[in-house]
1. List the residue pairs whose Cβ atoms are under 6 Å apart, where the first residue sits in segment 453-476 and is among the small types (Gly, Ala, Ser), the second is in a loop (DSSP other than H, G, I, E, B), and the two are 6 or more positions apart or on different chains.
2. Out of the residues in segment 270-305 meeting the condition of being of a type in the set (Ser, Thr, Tyr) and surrounded by 24 or more Cβ atoms within 10 Å (Cβ to Cβ), tell me which one is farthest from Leu231 (Cα to Cα).
3. Tell me, which residue of segment 485-520 that is at pLDDT 85 or above and among the basic types (Lys, Arg) is surrounded by the fewest Cβ atoms within 10 Å (Cβ to Cβ)?
4. Across segment 51-78, which residue is surrounded by the most Cβ atoms within 10 Å (Cβ to Cβ) among those that are over 23 Å from Ser254 (Cα atoms) and either touching a residue at least 60 places away in the same chain (Cβ under 8 Å) or aliphatic (A, V, I, L, M) (or both)?
5. Does at least one position in segment 372-381 carry a residue that is in a helix (DSSP H, G or I), at pLDDT below 85 and closer than 24 Å to Asn449 by Cα?
6. I'd like to check something: does segment 96-111 contain any residue that is closer than 30 Å to Thr218 by Cβ, at pLDDT 65 or above and part of a loop (DSSP other than H, G, I, E, B)?
7. Go through segment 20-56 residue by residue and tally those that are more than 15 Å from Ile86 (Cβ to Cβ), assigned to a strand (DSSP E or B) and over 56 Å from the mean Cα position of the chain (by Cα).
8. Being modelled with pLDDT of 90 or more, buried (at least 16 other Cβ atoms within 10 Å of the Cβ), touching a strand residue (DSSP E or B) at 6+ places or on another chain (Cβ under 9 Å) and closer than 14 Å to Leu395 by Cβ is true for just one of Val471, Val447, Val454. Which residue is that?
Amino acid sequence: MPALFLYVLQGPDKGRQFDFSSNEPVLLGRASEHVPLTDLTVSRRHARLEWADKSWVLFDEGGANGVFVNGVRINKSSKVKVGDQIRLGSTLLVFGAPSRSVSLAESDEIASGDAQNPSDSAILSTVPSNDDSVVLAAPEPSQVAMAHFRVLLQISTAIASVFDQVQLLNKVMDLVFEQLRADRGFIGLLDDASGQVVPVVVRYRNEEQVGKIAVSQTIIRHVLAKNEGVLSSNAMTDQRFQKGKSVHNLAIRSAICVPIKGREKNLGVLHIDSSVANYSYTPDQLRLLTAIGLQTGLAIEIARLYQESVQQERLAAAGQTVASLSHSIKNILQGMRGGADIVELGIDRGDLNHIRTGWGVLQRNLDKVQALTMNMLAYSKPRSPNYELTNLPYLLNECLELVQSSATDRHITLLTEINKDQPPVPADPDGLHQAVLNLLTNAMDAVENDRGVVTLSCDVNTSEQQAVIEVQDNGVGISPENLKRIFEPFYSTKGQRGTGLGLAVTRKIVAEHGGRVEANSTVGGGTTFRIILPLTHGRPEDAGATLGPAK
(Lines give C-alpha, C1' and ligand atoms only; values in the text may rest on other atoms or scores of the structure.)
Protein backbone atom coordinates (compact mmCIF):
# COMPACT_ATOMS: atom_id res chain seq x y z
CA MET A 1 0.00 0.00 0.00
CA PRO A 2 1.48 3.41 -0.97
CA ALA A 3 2.39 6.05 1.60
CA LEU A 4 -0.29 8.71 1.81
CA PHE A 5 -1.18 11.80 3.80
CA LEU A 6 -4.03 14.09 4.73
CA TYR A 7 -3.35 17.80 4.39
CA VAL A 8 -5.55 20.44 6.07
CA LEU A 9 -6.52 23.15 3.58
CA GLN A 10 -9.06 24.97 5.75
CA GLY A 11 -9.92 25.05 9.42
CA PRO A 12 -8.15 25.61 12.76
CA ASP A 13 -5.42 23.12 11.80
CA LYS A 14 -4.77 24.67 8.39
CA GLY A 15 -1.32 23.76 7.09
CA ARG A 16 -0.88 20.57 9.12
CA GLN A 17 -0.07 17.31 7.37
CA PHE A 18 -0.82 13.85 8.76
CA ASP A 19 1.19 10.99 7.19
CA PHE A 20 0.30 7.30 7.31
CA SER A 21 1.47 4.22 5.43
CA SER A 22 0.16 1.16 7.26
CA ASN A 23 -2.99 -0.63 6.24
CA GLU A 24 -4.45 -0.19 9.73
CA PRO A 25 -7.64 1.88 10.09
CA VAL A 26 -7.02 5.61 10.50
CA LEU A 27 -9.33 7.49 12.85
CA LEU A 28 -10.17 11.12 12.04
CA GLY A 29 -11.35 13.29 14.93
CA ARG A 30 -10.38 15.16 18.06
CA ALA A 31 -9.57 11.89 19.89
CA SER A 32 -7.54 10.39 17.03
CA GLU A 33 -3.90 9.43 17.38
CA HIS A 34 -3.30 9.54 13.62
CA VAL A 35 -5.28 12.68 12.67
CA PRO A 36 -5.85 14.65 15.90
CA LEU A 37 -7.94 17.63 14.77
CA THR A 38 -8.60 20.56 17.11
CA ASP A 39 -11.71 21.78 15.28
CA LEU A 40 -14.56 21.96 17.81
CA THR A 41 -17.07 21.27 15.01
CA VAL A 42 -15.40 17.88 14.55
CA SER A 43 -16.47 14.99 16.78
CA ARG A 44 -13.99 13.03 18.87
CA ARG A 45 -14.46 10.02 16.55
CA HIS A 46 -15.78 11.65 13.41
CA ALA A 47 -14.66 9.37 10.53
CA ARG A 48 -12.48 6.38 9.77
CA LEU A 49 -10.25 5.46 6.82
CA GLU A 50 -9.63 1.79 6.02
CA TRP A 51 -7.61 0.03 3.33
CA ALA A 52 -9.82 -2.60 1.69
CA ASP A 53 -9.76 -4.33 -1.70
CA LYS A 54 -6.79 -2.27 -2.84
CA SER A 55 -8.50 1.02 -2.14
CA TRP A 56 -9.22 3.39 0.73
CA VAL A 57 -12.73 3.59 2.11
CA LEU A 58 -13.95 6.45 4.29
CA PHE A 59 -16.58 5.62 6.94
CA ASP A 60 -18.86 8.07 8.73
CA GLU A 61 -18.49 7.34 12.46
CA GLY A 62 -21.58 9.37 13.30
CA GLY A 63 -20.00 12.80 13.50
CA ALA A 64 -22.45 15.55 14.40
CA ASN A 65 -21.89 17.56 11.21
CA GLY A 66 -21.56 14.68 8.77
CA VAL A 67 -18.77 13.63 6.41
CA PHE A 68 -18.46 15.09 2.91
CA VAL A 69 -16.33 13.90 -0.02
CA ASN A 70 -15.89 16.42 -2.81
CA GLY A 71 -18.86 18.38 -1.50
CA VAL A 72 -21.24 15.40 -1.32
CA ARG A 73 -22.32 13.98 2.03
CA ILE A 74 -21.58 10.27 2.24
CA ASN A 75 -24.04 7.65 3.45
CA LYS A 76 -22.11 5.40 5.86
CA SER A 77 -19.07 4.93 3.56
CA SER A 78 -17.43 6.01 0.32
CA LYS A 79 -14.29 5.06 -1.58
CA VAL A 80 -11.72 7.85 -1.74
CA LYS A 81 -8.72 8.37 -3.97
CA VAL A 82 -5.73 10.67 -4.17
CA GLY A 83 -6.85 14.23 -4.72
CA ASP A 84 -10.31 13.91 -3.13
CA GLN A 85 -11.32 16.59 -0.64
CA ILE A 86 -12.82 15.54 2.68
CA ARG A 87 -14.80 17.93 4.85
CA LEU A 88 -15.39 17.29 8.55
CA GLY A 89 -17.19 20.17 10.24
CA SER A 90 -15.31 23.34 9.24
CA THR A 91 -12.14 21.44 8.39
CA LEU A 92 -11.27 20.71 4.76
CA LEU A 93 -8.63 18.07 4.10
CA VAL A 94 -7.13 16.79 0.89
CA PHE A 95 -6.20 13.15 0.47
CA GLY A 96 -2.77 13.11 -1.19
CA ALA A 97 0.33 11.20 -2.15
CA PRO A 98 3.96 12.37 -2.06
CA SER A 99 4.92 14.47 -5.07
CA ARG A 100 6.79 13.13 -8.04
CA SER A 101 9.70 15.07 -9.50
CA VAL A 102 8.90 17.72 -12.08
CA SER A 103 10.97 17.60 -15.26
CA LEU A 104 12.81 20.78 -16.26
CA ALA A 105 11.44 22.60 -19.24
CA GLU A 106 13.55 22.32 -22.35
CA SER A 107 11.81 25.21 -24.07
CA ASP A 108 8.20 25.66 -23.03
CA GLU A 109 7.69 26.51 -19.37
CA ILE A 110 4.00 25.68 -19.18
CA ALA A 111 2.60 22.13 -19.21
CA SER A 112 -1.12 21.67 -19.66
CA GLY A 113 -3.18 18.63 -18.63
CA ASP A 114 -4.04 16.01 -21.28
CA ALA A 115 -6.16 12.92 -21.63
CA GLN A 116 -3.35 10.49 -20.87
CA ASN A 117 -2.49 12.28 -17.64
CA PRO A 118 -5.95 12.95 -16.21
CA SER A 119 -6.05 15.94 -13.94
CA ASP A 120 -8.10 18.91 -13.26
CA SER A 121 -8.11 21.07 -10.21
CA ALA A 122 -11.23 21.26 -8.14
CA ILE A 123 -12.69 24.72 -7.78
CA LEU A 124 -12.93 25.81 -4.15
CA SER A 125 -14.19 29.32 -4.85
CA THR A 126 -14.92 31.68 -7.74
CA VAL A 127 -15.24 35.45 -8.13
CA PRO A 128 -16.70 37.18 -11.20
CA SER A 129 -14.36 39.51 -13.07
CA ASN A 130 -16.21 42.81 -13.23
CA ASP A 131 -16.10 46.23 -11.68
CA ASP A 132 -17.64 44.89 -8.48
CA SER A 133 -14.65 42.63 -7.90
CA VAL A 134 -12.45 45.67 -7.42
CA VAL A 135 -14.46 46.49 -4.30
CA LEU A 136 -13.31 43.94 -1.78
CA ALA A 137 -16.67 43.12 -0.31
CA ALA A 138 -17.09 42.73 3.41
CA PRO A 139 -20.04 43.52 5.70
CA GLU A 140 -17.86 46.06 7.54
CA PRO A 141 -14.45 47.49 6.63
CA SER A 142 -11.84 45.02 7.76
CA GLN A 143 -8.09 45.08 8.05
CA VAL A 144 -7.84 42.55 5.22
CA ALA A 145 -10.06 44.63 2.93
CA MET A 146 -8.12 47.80 3.68
CA ALA A 147 -4.81 46.02 3.07
CA HIS A 148 -6.06 44.73 -0.25
CA PHE A 149 -7.30 48.18 -1.20
CA ARG A 150 -3.82 49.55 -0.56
CA VAL A 151 -2.37 46.81 -2.78
CA LEU A 152 -4.75 47.75 -5.60
CA LEU A 153 -3.84 51.39 -5.22
CA GLN A 154 -0.15 50.52 -5.32
CA ILE A 155 -0.57 48.40 -8.46
CA SER A 156 -2.71 51.03 -10.15
CA THR A 157 -0.08 53.69 -9.48
CA ALA A 158 2.82 51.47 -10.54
CA ILE A 159 1.40 50.40 -13.91
CA ALA A 160 -0.27 53.68 -14.86
CA SER A 161 2.84 55.02 -16.60
CA VAL A 162 4.11 51.80 -18.23
CA PHE A 163 3.20 51.61 -21.92
CA ASP A 164 5.35 48.70 -23.08
CA GLN A 165 3.25 45.53 -22.82
CA VAL A 166 6.03 43.16 -21.71
CA GLN A 167 7.38 45.66 -19.16
CA LEU A 168 3.84 46.18 -17.90
CA LEU A 169 3.22 42.46 -17.37
CA ASN A 170 6.58 42.00 -15.67
CA LYS A 171 5.72 44.87 -13.33
CA VAL A 172 2.37 43.27 -12.51
CA MET A 173 4.05 39.95 -11.75
CA ASP A 174 6.62 41.70 -9.54
CA LEU A 175 3.84 43.25 -7.48
CA VAL A 176 1.83 40.02 -7.32
CA PHE A 177 4.86 38.12 -6.01
CA GLU A 178 5.44 40.86 -3.43
CA GLN A 179 1.88 40.68 -2.11
CA LEU A 180 0.93 37.00 -2.54
CA ARG A 181 3.15 34.15 -1.47
CA ALA A 182 3.38 32.53 -4.89
CA ASP A 183 5.94 29.87 -5.70
CA ARG A 184 5.30 30.17 -9.42
CA GLY A 185 3.16 32.15 -11.78
CA PHE A 186 2.60 33.14 -15.37
CA ILE A 187 0.67 35.62 -17.44
CA GLY A 188 -0.65 34.36 -20.75
CA LEU A 189 -2.35 36.42 -23.44
CA LEU A 190 -4.85 35.19 -25.99
CA ASP A 191 -3.52 34.96 -29.52
CA ASP A 192 -6.32 36.08 -31.82
CA ALA A 193 -5.04 34.01 -34.74
CA SER A 194 -4.72 30.64 -32.98
CA GLY A 195 -7.16 31.18 -30.11
CA GLN A 196 -4.51 29.86 -27.69
CA VAL A 197 -3.21 31.38 -24.48
CA VAL A 198 0.45 32.22 -25.09
CA PRO A 199 2.67 32.66 -21.99
CA VAL A 200 4.31 36.09 -21.99
CA VAL A 201 5.76 36.26 -18.46
CA VAL A 202 6.74 33.21 -16.40
CA ARG A 203 8.08 33.66 -12.88
CA TYR A 204 9.54 31.40 -10.13
CA ARG A 205 10.28 32.47 -6.58
CA ASN A 206 13.55 30.56 -6.56
CA GLU A 207 15.64 28.57 -9.02
CA GLU A 208 14.95 25.25 -7.31
CA GLN A 209 11.33 25.48 -8.43
CA VAL A 210 12.13 26.08 -12.10
CA GLY A 211 10.30 23.55 -14.22
CA LYS A 212 7.11 23.15 -16.17
CA ILE A 213 4.15 24.74 -14.45
CA ALA A 214 1.32 22.24 -14.67
CA VAL A 215 -1.84 24.13 -15.58
CA SER A 216 -5.31 22.76 -16.05
CA GLN A 217 -6.65 23.45 -19.54
CA THR A 218 -10.19 22.98 -18.28
CA ILE A 219 -9.78 25.60 -15.58
CA ILE A 220 -8.30 28.07 -18.07
CA ARG A 221 -11.24 27.44 -20.39
CA HIS A 222 -13.60 27.87 -17.44
CA VAL A 223 -11.95 31.15 -16.40
CA LEU A 224 -12.20 32.57 -19.92
CA ALA A 225 -15.66 31.21 -20.71
CA LYS A 226 -17.27 32.11 -17.38
CA ASN A 227 -15.25 35.30 -16.98
CA GLU A 228 -14.50 34.56 -13.34
CA GLY A 229 -11.48 33.98 -11.16
CA VAL A 230 -10.96 30.50 -9.74
CA LEU A 231 -9.40 29.32 -6.48
CA SER A 232 -8.47 25.67 -6.78
CA SER A 233 -6.35 22.87 -5.43
CA ASN A 234 -4.92 20.44 -7.91
CA ALA A 235 -5.65 16.72 -7.97
CA MET A 236 -9.19 17.17 -6.64
CA THR A 237 -12.23 15.85 -8.46
CA ASP A 238 -14.95 18.34 -9.33
CA GLN A 239 -18.25 17.22 -10.84
CA ARG A 240 -18.39 20.22 -13.15
CA PHE A 241 -15.32 18.99 -15.02
CA GLN A 242 -16.08 15.32 -15.48
CA LYS A 243 -16.18 15.68 -19.26
CA GLY A 244 -12.91 17.50 -19.55
CA LYS A 245 -10.89 16.35 -16.57
CA SER A 246 -7.15 16.01 -16.82
CA VAL A 247 -5.37 15.50 -13.24
CA HIS A 248 -1.81 16.81 -12.46
CA ASN A 249 0.02 13.95 -10.74
CA LEU A 250 1.99 16.52 -8.75
CA ALA A 251 2.22 17.57 -5.11
CA ILE A 252 -0.92 19.22 -3.77
CA ARG A 253 -0.88 22.88 -4.73
CA SER A 254 -3.13 25.83 -4.03
CA ALA A 255 -3.69 27.93 -7.14
CA ILE A 256 -5.52 31.00 -8.34
CA CYS A 257 -6.29 31.62 -11.99
CA VAL A 258 -8.07 34.84 -13.00
CA PRO A 259 -9.03 36.42 -16.31
CA ILE A 260 -7.23 39.47 -17.63
CA LYS A 261 -10.23 41.37 -18.87
CA GLY A 262 -10.41 44.30 -21.26
CA ARG A 263 -13.39 46.52 -21.87
CA GLU A 264 -15.09 44.18 -24.31
CA LYS A 265 -13.26 40.84 -24.17
CA ASN A 266 -10.87 38.73 -22.17
CA LEU A 267 -7.24 39.28 -23.09
CA GLY A 268 -5.68 36.36 -21.22
CA VAL A 269 -5.14 34.84 -17.78
CA LEU A 270 -3.02 35.44 -14.68
CA HIS A 271 -2.12 32.24 -12.83
CA ILE A 272 -0.19 31.74 -9.58
CA ASP A 273 0.23 28.70 -7.39
CA SER A 274 1.95 27.62 -4.22
CA SER A 275 2.63 24.33 -2.52
CA VAL A 276 0.09 23.94 0.26
CA ALA A 277 3.04 23.08 2.48
CA ASN A 278 4.08 26.71 1.96
CA TYR A 279 0.78 28.54 1.61
CA SER A 280 -2.91 28.05 0.82
CA TYR A 281 -4.88 30.83 -0.80
CA THR A 282 -8.17 32.18 0.51
CA PRO A 283 -11.31 33.55 -1.19
CA ASP A 284 -10.23 37.06 -0.14
CA GLN A 285 -6.98 36.63 -2.05
CA LEU A 286 -8.94 35.26 -5.01
CA ARG A 287 -11.00 38.45 -4.96
CA LEU A 288 -7.82 40.55 -4.78
CA LEU A 289 -6.14 38.79 -7.71
CA THR A 290 -9.35 39.00 -9.75
CA ALA A 291 -9.34 42.76 -9.23
CA ILE A 292 -5.66 42.86 -10.23
CA GLY A 293 -6.54 40.93 -13.40
CA LEU A 294 -9.19 43.52 -14.23
CA GLN A 295 -6.76 46.40 -13.68
CA THR A 296 -4.11 44.63 -15.75
CA GLY A 297 -6.53 44.19 -18.64
CA LEU A 298 -7.35 47.89 -18.68
CA ALA A 299 -3.65 48.78 -18.46
CA ILE A 300 -2.87 46.45 -21.41
CA GLU A 301 -5.54 48.12 -23.52
CA ILE A 302 -4.17 51.55 -22.63
CA ALA A 303 -0.65 50.38 -23.54
CA ARG A 304 -1.89 48.98 -26.85
CA LEU A 305 -3.77 52.20 -27.64
CA TYR A 306 -0.62 54.14 -26.83
CA GLN A 307 1.50 51.98 -29.14
CA GLU A 308 -1.11 52.30 -31.89
CA SER A 309 -1.11 56.05 -31.40
CA VAL A 310 2.69 56.16 -31.59
CA GLN A 311 2.62 54.08 -34.77
CA GLN A 312 -0.02 56.34 -36.31
CA GLU A 313 1.99 59.39 -35.34
CA ARG A 314 5.08 57.86 -36.92
CA LEU A 315 3.19 57.14 -40.12
CA ALA A 316 1.70 60.62 -40.09
CA ALA A 317 5.13 62.13 -39.44
CA ALA A 318 6.62 60.07 -42.27
CA GLY A 319 3.84 61.25 -44.58
CA GLN A 320 4.36 64.83 -43.48
CA THR A 321 8.10 64.49 -44.02
CA VAL A 322 7.67 63.11 -47.53
CA ALA A 323 5.11 65.79 -48.43
CA SER A 324 7.22 68.59 -46.96
CA LEU A 325 10.51 67.53 -48.50
CA SER A 326 9.19 66.47 -51.90
CA HIS A 327 8.71 70.10 -53.03
CA SER A 328 12.22 71.06 -51.97
CA ILE A 329 13.77 68.00 -53.60
CA LYS A 330 11.77 68.62 -56.79
CA ASN A 331 12.94 72.26 -56.93
CA ILE A 332 16.55 71.22 -56.35
CA LEU A 333 16.34 68.59 -59.10
CA GLN A 334 14.75 71.08 -61.49
CA GLY A 335 17.56 73.55 -60.75
CA MET A 336 20.19 70.88 -61.36
CA ARG A 337 18.46 69.87 -64.59
CA GLY A 338 18.39 73.48 -65.72
CA GLY A 339 22.05 73.98 -64.87
CA ALA A 340 23.00 70.78 -66.69
CA ASP A 341 21.07 71.94 -69.78
CA ILE A 342 22.93 75.25 -69.79
CA VAL A 343 26.28 73.47 -69.42
CA GLU A 344 25.35 71.09 -72.28
CA LEU A 345 24.32 74.05 -74.47
CA GLY A 346 27.60 75.81 -73.74
CA ILE A 347 29.56 72.70 -74.64
CA ASP A 348 27.67 72.31 -77.92
CA ARG A 349 28.33 75.96 -78.81
CA GLY A 350 31.80 76.08 -77.35
CA ASP A 351 30.60 78.99 -75.20
CA LEU A 352 32.61 79.14 -71.98
CA ASN A 353 30.32 81.79 -70.48
CA HIS A 354 27.31 79.46 -70.85
CA ILE A 355 29.29 76.66 -69.19
CA ARG A 356 30.27 78.94 -66.28
CA THR A 357 26.66 80.05 -65.84
CA GLY A 358 25.31 76.48 -65.91
CA TRP A 359 28.02 75.26 -63.58
CA GLY A 360 27.12 78.01 -61.10
CA VAL A 361 23.48 76.83 -61.13
CA LEU A 362 24.61 73.24 -60.58
CA GLN A 363 26.93 74.27 -57.75
CA ARG A 364 24.22 76.22 -55.91
CA ASN A 365 21.82 73.29 -56.11
CA LEU A 366 24.51 70.87 -54.97
CA ASP A 367 24.96 73.10 -51.92
CA LYS A 368 21.21 72.85 -51.34
CA VAL A 369 21.38 69.04 -51.56
CA GLN A 370 24.19 69.02 -49.01
CA ALA A 371 22.34 71.36 -46.65
CA LEU A 372 19.11 69.36 -46.92
CA THR A 373 20.92 66.07 -46.33
CA MET A 374 22.80 67.37 -43.29
CA ASN A 375 19.61 68.80 -41.79
CA MET A 376 17.69 65.56 -42.37
CA LEU A 377 20.45 63.56 -40.69
CA ALA A 378 20.64 65.97 -37.76
CA TYR A 379 16.88 65.99 -37.27
CA SER A 380 16.28 62.25 -37.70
CA LYS A 381 17.88 61.03 -34.49
CA PRO A 382 19.11 62.35 -31.14
CA ARG A 383 22.84 62.65 -30.65
CA SER A 384 25.15 63.65 -27.84
CA PRO A 385 27.54 66.48 -28.72
CA ASN A 386 31.21 65.56 -29.15
CA TYR A 387 32.55 68.33 -26.96
CA GLU A 388 35.90 69.95 -27.55
CA LEU A 389 37.30 73.41 -26.89
CA THR A 390 36.12 75.38 -29.91
CA ASN A 391 37.43 78.68 -31.28
CA LEU A 392 34.19 80.53 -31.99
CA PRO A 393 35.67 83.34 -34.17
CA TYR A 394 37.34 80.76 -36.43
CA LEU A 395 34.14 78.65 -36.66
CA LEU A 396 31.96 81.68 -37.46
CA ASN A 397 34.35 82.89 -40.15
CA GLU A 398 34.12 79.45 -41.78
CA CYS A 399 30.33 79.81 -41.88
CA LEU A 400 30.63 83.29 -43.43
CA GLU A 401 32.96 81.98 -46.14
CA LEU A 402 30.32 79.45 -47.19
CA VAL A 403 27.64 82.11 -47.75
CA GLN A 404 29.98 84.82 -49.08
CA SER A 405 29.66 83.75 -52.71
CA SER A 406 25.85 83.87 -52.62
CA ALA A 407 25.93 87.21 -50.79
CA THR A 408 28.23 88.65 -53.46
CA ASP A 409 26.00 87.43 -56.29
CA ARG A 410 22.93 89.02 -54.65
CA HIS A 411 24.76 92.14 -53.47
CA ILE A 412 23.99 91.40 -49.82
CA THR A 413 26.24 93.00 -47.20
CA LEU A 414 27.73 90.69 -44.55
CA LEU A 415 28.90 92.40 -41.37
CA THR A 416 30.77 90.87 -38.46
CA GLU A 417 31.22 91.92 -34.85
CA ILE A 418 33.61 89.27 -33.61
CA ASN A 419 36.42 89.70 -31.11
CA LYS A 420 39.17 87.33 -32.27
CA ASP A 421 40.70 87.20 -28.76
CA GLN A 422 37.74 85.45 -27.15
CA PRO A 423 38.51 82.28 -25.17
CA PRO A 424 37.55 78.88 -26.60
CA VAL A 425 34.25 77.35 -25.48
CA PRO A 426 33.22 73.69 -24.96
CA ALA A 427 31.06 72.73 -27.94
CA ASP A 428 30.59 70.24 -30.75
CA PRO A 429 32.15 72.21 -33.64
CA ASP A 430 30.38 70.26 -36.40
CA GLY A 431 26.95 70.60 -34.78
CA LEU A 432 27.42 74.26 -33.91
CA HIS A 433 28.72 74.96 -37.42
CA GLN A 434 25.52 73.55 -38.89
CA ALA A 435 23.31 75.46 -36.44
CA VAL A 436 24.95 78.83 -37.26
CA LEU A 437 25.01 78.11 -41.00
CA ASN A 438 21.25 77.44 -40.88
CA LEU A 439 20.67 80.83 -39.22
CA LEU A 440 22.87 82.63 -41.78
CA THR A 441 21.09 80.91 -44.68
CA ASN A 442 17.74 81.78 -43.15
CA ALA A 443 18.79 85.44 -42.77
CA MET A 444 20.03 85.56 -46.39
CA ASP A 445 16.65 84.24 -47.57
CA ALA A 446 14.84 86.91 -45.55
CA VAL A 447 16.58 89.97 -47.03
CA GLU A 448 16.20 91.60 -50.45
CA ASN A 449 18.86 91.67 -53.14
CA ASP A 450 21.01 94.80 -53.41
CA ARG A 451 19.94 96.21 -50.03
CA GLY A 452 20.06 93.27 -47.63
CA VAL A 453 22.33 93.37 -44.57
CA VAL A 454 23.17 90.36 -42.39
CA THR A 455 25.21 90.82 -39.20
CA LEU A 456 26.98 88.00 -37.33
CA SER A 457 28.37 88.59 -33.84
CA CYS A 458 29.44 86.62 -30.80
CA ASP A 459 30.42 87.25 -27.22
CA VAL A 460 31.86 84.93 -24.58
CA ASN A 461 30.84 86.13 -21.11
CA THR A 462 32.85 84.23 -18.51
CA SER A 463 31.16 86.02 -15.59
CA GLU A 464 27.74 84.76 -16.70
CA GLN A 465 29.23 81.45 -17.91
CA GLN A 466 27.64 81.64 -21.35
CA ALA A 467 28.48 82.32 -24.99
CA VAL A 468 26.06 84.25 -27.21
CA ILE A 469 26.01 84.03 -31.02
CA GLU A 470 23.73 86.47 -32.78
CA VAL A 471 22.51 86.61 -36.39
CA GLN A 472 20.62 89.78 -37.36
CA ASP A 473 18.99 90.75 -40.64
CA ASN A 474 17.09 93.74 -42.03
CA GLY A 475 14.47 91.65 -43.78
CA VAL A 476 10.71 91.92 -43.73
CA GLY A 477 10.43 90.48 -40.24
CA ILE A 478 8.18 87.74 -38.89
CA SER A 479 4.61 88.20 -37.68
CA PRO A 480 3.82 87.25 -34.05
CA GLU A 481 1.63 84.39 -35.30
CA ASN A 482 4.44 82.89 -37.36
CA LEU A 483 7.06 83.61 -34.71
CA LYS A 484 5.31 81.16 -32.40
CA ARG A 485 5.69 78.38 -34.96
CA ILE A 486 9.01 78.96 -36.72
CA PHE A 487 10.80 76.21 -34.76
CA GLU A 488 8.19 73.58 -35.64
CA PRO A 489 9.54 70.91 -38.01
CA PHE A 490 8.49 71.46 -41.65
CA TYR A 491 6.86 74.80 -40.90
CA SER A 492 8.16 77.45 -43.31
CA THR A 493 7.21 81.01 -44.23
CA LYS A 494 9.10 80.72 -47.54
CA GLY A 495 6.54 78.64 -49.42
CA GLN A 496 8.09 76.00 -51.67
CA ARG A 497 11.55 77.54 -51.25
CA GLY A 498 11.86 76.35 -47.66
CA THR A 499 12.02 72.88 -46.10
CA GLY A 500 11.01 73.96 -42.60
CA LEU A 501 13.94 71.98 -41.20
CA GLY A 502 16.67 74.60 -40.76
CA LEU A 503 15.40 76.33 -37.62
CA ALA A 504 14.10 73.05 -36.13
CA VAL A 505 17.56 71.51 -36.54
CA THR A 506 19.28 74.59 -35.07
CA ARG A 507 17.02 74.43 -32.02
CA LYS A 508 17.67 70.70 -31.62
CA ILE A 509 21.47 71.03 -31.86
CA VAL A 510 21.56 73.93 -29.38
CA ALA A 511 19.26 72.05 -26.99
CA GLU A 512 21.61 69.05 -27.13
CA HIS A 513 24.33 71.46 -25.95
CA GLY A 514 22.12 72.43 -23.00
CA GLY A 515 21.49 75.85 -24.54
CA ARG A 516 18.55 77.70 -26.04
CA VAL A 517 17.57 79.74 -29.08
CA GLU A 518 15.78 83.07 -28.83
CA ALA A 519 14.08 84.96 -31.63
CA ASN A 520 13.08 88.63 -31.76
CA SER A 521 11.34 90.12 -34.77
CA THR A 522 9.41 93.17 -35.86
CA VAL A 523 7.35 93.17 -39.02
CA GLY A 524 9.21 95.42 -41.44
CA GLY A 525 12.09 95.82 -38.97
CA GLY A 526 14.09 92.64 -39.39
CA THR A 527 14.78 89.61 -37.19
CA THR A 528 17.44 88.63 -34.67
CA PHE A 529 18.24 85.03 -33.72
CA ARG A 530 20.33 84.45 -30.63
CA ILE A 531 22.08 81.18 -29.65
CA ILE A 532 22.92 81.02 -25.95
CA LEU A 533 25.33 78.25 -24.92
CA PRO A 534 26.47 77.37 -21.37
CA LEU A 535 30.24 77.33 -20.88
CA THR A 536 29.86 74.27 -18.63
CA HIS A 537 28.09 71.59 -20.60
CA GLY A 538 25.59 69.50 -18.65
CA ARG A 539 22.20 67.95 -19.06
CA PRO A 540 20.51 69.15 -22.29
CA GLU A 541 17.36 71.20 -21.99
CA ASP A 542 14.07 70.06 -23.48
CA ALA A 543 14.32 70.78 -27.19
CA GLY A 544 10.66 71.76 -27.16
CA ALA A 545 11.26 74.53 -24.68
CA THR A 546 14.15 76.43 -26.27
CA LEU A 547 12.15 79.22 -27.85
CA GLY A 548 12.90 82.21 -25.67
CA PRO A 549 10.64 85.18 -25.10
CA ALA A 550 10.41 87.82 -27.82
CA LYS A 551 11.86 91.05 -26.51
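The values are calculated or read from the model by the stated rules, or taken from the named source; none is laboratory data. Because the structure is a prediction, the values reported are computed rather than measured. Counting neighbours? That spans all protein chains shown, and the Cβs are built from the backbone with ideal geometry, glycine included.
1. Short answer, once both residue conditions are applied: Gly475/Val447.
2. Thr296
3. The residue in question is Arg516.
4. Leu58
5. yes
6. The answer is no, given that none of the residues of segment 96-111 is closer than 30 Å to Thr218 by Cβ, at pLDDT 65 or above and part of a loop (DSSP other than H, G, I, E, B).
7. Of the residues in segment 20-56, 2 are more than 15 Å from Ile86 (Cβ to Cβ), assigned to a strand (DSSP E or B) and over 56 Å from the mean Cα position of the chain (by Cα).
8. Val471
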